[in-house]
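**Q** Before anything else, here's the structure in question.
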Amino acid sequence: MEEIKDTFLHPVVPLDFQNNYRVGAYLQRYLDGFKEKKILGAKCSQCGRVVVPPRKYCGACNLVMEEFTELPQEGTLENFTVGHVNLEKGQWKRADAPYVIGMVRLDGAANAMLARLNVSPADARAGMKVKAVWKDQVEGEHADLDCFEPA
Amino acid sequence: MRNVGIIGIGYTPVFVSKRKDVSIVEMISEAVDAGLKNTGLAPEDIDAYVFGNMATFEGVNMPHLWATEHMHARGKPIMRFATGGTIGMAAFHGAYYHVASGMADIAMAVTYEKHSEGDAQVGLMGIITPELMAMLSAGIDVTGQSGMGAIGGGSAGGISFQASSYLHRSGAGIEHIDAIAAMERRNAAKNPYAHLKDPEATAEKIAQTPMVSWPIRFGHICPTTDGATVCILASEEKAAKIADKVAWVLGVANCASDATTANLIDSQITDPAEQLPAIMASKKACERAGIEDPKKEIDYVEIYNGFAHQTLMYLEKVGMCEVGEAHKLLEAGELEMNGRCPVNASGGVVSTNSIGTSALNRVTECALQIMGQAGEHQVEKEVHKAMAHGWGGLMQYCTITILGDKPKKL
C-alpha cells in the first residue's frame, strides 16, 4: 500500500471579523429595564399571557405584543441540571465545583427563563421558590441579572 | 400542475446598509406583515412557507426556525433554500411548486439578508470551497499570490474573469459597464426599495471609481444591504377571489453546470462568460411558458447583476438579444425605462443586494411591472410578459421565472 500523505489545502481568510447580532427593539426594552433592576415582559392583548424576555409576536395568537409589563422578581424553579464542566475555547474544563442551571418561571409569566442558581446541587428541588439576585453595578446588560437564589 | 399567480408582495420599508433599529427576525416580520397587509390576508390564510437566506453571511444557520413566530408560521409547513445568489428565486420556485402541485392553496416565499450583522466575504469563503478545488485542478496556486489575488477581492475578484471574457467575446468595452452601472443607479433613485441611488449617475462618474480587478471597478459592484422581501402565491381559484391584479407564473426553470470561475463543463475549462446554465434555463422556462422568441414576446426583464457587466452579458444569454448586441442596445438607449427592451428599472442587484432577497426581487419587480404598480419606476411600454433571471451559488447556477398578465391555457 502506498503511504497516505497529509496534504491539505489551507486557504487563508485574510479577515478579522465577528458577527454583530442586534438584539432588536424588544430585547432592548428588557435590557433597559435592567438599569433599574426591573424585569420586563411583553403581554398579549388577546390571550393575556406574559412572556419574558419580551418578544414581538404571540405565536399562539399571531399578534404583535405591544404592552410591556414589569414582572415580580420571584418565581419557581421548574427543573434544573447540574453542570460539572465549563467550556473554554472549545474545550471542556472541570468546573471548580458542580453548579446548578435551571428553568425559572417568574410569578405571572407564561414561560420559564434559563438562569444560574445560587444553590448547592444537594439542596436544589424542582418546585422551590426562588428570587432574582442582581449585580451591585448594573449596566443594562444580560449579566446584570447575576443568578437566582432560594426565596 | 395548476395555474399559480403572484397576489402580493411585501418589502421592508427600506433597503439600507445598516438596520440598527431591529433584530434579524423583527426585520423579517416587517416584510411578512407588509405582504399580508397588501393582500388583505390574515396569517391563518397562508398554508405553507418557503424561506430563503444564505446562512454563512450572518452565521445564523436556522433563521427560518428563529423567525417562525415572526412570520406567523407556527404549526405550518416550512422549508428553507440556500442556493447562494439565486436563493430568492429558488424559494419562489419552492412556493410555486407547493401551489402548482396542490399541496397548498396559498404559499409565502420569505427571504432576507442582514449583511450588517455578519461579513459577506467571510460567508463567501465558506461557499467557494468547490471553486477553490476547481481552481486547483485548473492549475492555479490558490495558496499563493496569484490565486489569492483572484479571490482576494471576494466574488469581485472571481468575477473579473467572467467580465473580461464577456468584453472580449462581445466587443463591448469597459465604458459600457460604466454606462449600464450608471443607468441602474439612476433607475434606483426612482425605486423606494433600492439602496444605492444616484439620480445624477453618469458613465464618467462611475469611470472615476477605483479599479478592483480589471475590468471591475468599485462602481460596478453591488452594495451589501439589510432588507427582507416576501411574495405570496395563490392557486388560480384563490387568486380570483383575493386579488384584483395577478402576475401569473408561466414558466420556471433552473440549471447548473460544474463549479468554478472557469465554468468547468464535463471537467473541461470553458469560457467563464459562456454561462450555459443561463442559456439552458431560459430555453426551458420559455418552452414551459409557450414562448418561441423571447426577443419578440418578452416586454420586460430583470437581470441578476451583482456586477454591472452581467446585465449586458445575461441579456444575450437569456435570448433577449443576439450575442454582441446588448451594448449596442445600451448605446441606443433601448435598455432605459422608455426603451424597447427595458431592463432593471428597479436598479437591479448592482444597486441593492440583500442577497437572500435579490433573486426574489427580480421576480417581484417583474410582477409590479405587469400589475402596473411599479410607481415612479414603471416602464413606459405595456408589460404583458416579463422574465426574471437569478444568478449565483457558485458562478454557474441560474434560475429563470417568466410571468404574464394572463394565466396559462392548461
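Quick note: the coordinates plus some simple rules give every number you see, no bench work behind them. Being a predicted model, the structure only gives us computed values, none of them experimental. When we count neighbours, we look across all protein chains shown, and the Cβ atoms used for this are built from the backbone with ideal geometry, even at glycine.
**Q** For chain B, find the longest principal axis of its Cα atoms and tell me its angle to the long axis of helix B:87-100, 0 to 90°, nearest 10.
**A** 30
**Q** Hey, what number do you get for chain A at 222 nm if only DSSP H runs of n ≥ 4 count, each worth -39500 (n - 2.57), divided across all residues, to the nearest 500?
**A** Dividing the helical sum by the residues of chain A leaves -2000 deg cm²/dmol.
**Q** Distance check, please: which entries in B:LYS76/B:LYS197; B:LYS241/B:LYS283; A:LYS135/B:LYS18; B:LYS295/B:LYS409; A:LYS37/B:LYS20; B:LYS114/B:LYS328 exceed 29 angstrom between their Cα atoms?
**A** As for pairs spanning more than 29 Å Cα to Cα, those are B:LYS76/B:LYS197; B:LYS241/B:LYS283; A:LYS135/B:LYS18; B:LYS114/B:LYS328.
**Q** I would also like to ask the following. Compute the helix-to-body angle for B:355-371: its Cα long axis versus the longest principal axis of chain B, expressed 0 to 90° and rounded to tens.
**A** That works out to roughly 60 degrees.
**Q** Also: If I take every Cα pair under 8 Å that is 6 or more residues apart in the stretch A:24-150, average their sequence separation and divide by the length, what percent do I get for the relative contact order?
**A** The value is 23 percent.
**Q** So if R0 is 60 Å, what FRET efficiency would A:THR69 and B:ARG340 give, r being the distance between their Cβ atoms, rounded to the nearest 0.05?
**A** With a Förster radius of 60 Å, E is 0.50.
**Q** Next question. A:SER45 to A:ASP107: FRET efficiency via 1/(1 + (r/R0)^6), r the Cβ-Cβ distance, R0 25 Å, to the nearest 0.05?
**A** According to the calculation, E is roughly 0.75.
**Q** Given points 7 Å out from each Cα along the Cα-Cβ axis, report the B:ASP21 to A:ARG29 separation in nanometres with one decimal.
**A** So the two model labels end up 1.5 nm from each other.
**Q** Search the structure for amide H atoms under 5 Å from the amide H of B:ASN3, placed 1.01 Å from N in the peptide plane, and list their residues when 5 or more places away or on another chain.
**A** Amide H to amide H, under 5 Å and 5 or more residues apart or across chains, B:ASN3 pairs with B:GLU236.
**Q** Using a simple spin-label model with points 7 Å from Cα along the Cα→Cβ vector, what separation in nm is obtained for B:LYS284 and A:LYS37?
**A** The two pseudo-label positions are separated by 6.5 nm.
**Q** Okay, next question. Would you mind ranking B:TRP391, A:TRP134 by Cβ crowding within 10 Å, fewest neighbours first?
**A** Going from least to most buried by this count: A:TRP134, B:TRP391.
**Q** Another question about this same structure. Report, ordered by chain and residue number, the aspartates and glutamates lying within cross-link reach of B:LYS408, taken as a straight Cα distance under 14 Å and ignoring same-chain residues fewer than 8 apart.
**A** Excluding near neighbours in sequence, the set is B:GLU236, B:GLU237, B:GLU287.
**Q** Just want to confirm a number: the relative contact order over chain B, from Cα pairs under 8 angstrom separated by 6+ residues, in percent.
**A** Once divided by the residue count of chain B, the mean separation gives 25 percent.
**Q** Once a ≥ b ≥ c are taken as the square roots of the eigenvalues of the Cα gyration tensor of the stretch B:329-410, is the result rounded (a/c under 1.5), prolate (a/b larger than b/c) or oblate (a/b not larger than b/c)?
**A** oblate
**Q** Under 16 Å between alpha carbons, and skipping anything fewer than 8 positions from A:LYS35 in its own chain: which aspartates and glutamates qualify?
**A** Hits, sequence-local ones excluded: A:GLU70, A:ASP136, A:GLU139, A:GLU141, A:ASP144, A:ASP146.
**Q** With a 10 Å Cβ neighbour count serving as the proxy for reagent exposure, in which order, fewest first, do B:TYR166, B:TYR11, A:TYR21 appear?
**A** Exposure proxy ranking, most exposed first: A:TYR21, B:TYR11, B:TYR166.
**Q** Here is a follow-up. Suppose R0 equals 60 Å. What FRET efficiency, 1/(1 + (r/R0)^6) with r the Cβ-Cβ distance, do B:ALA207 and A:VAL85 give to the nearest 0.05?
**A** 0.50
**Q** Between the helical axis of A:24-34 and the dominant principal axis of chain A, each derived from Cα atoms, what acute angle in degrees is found, rounded to the nearest 10?
**A** 70
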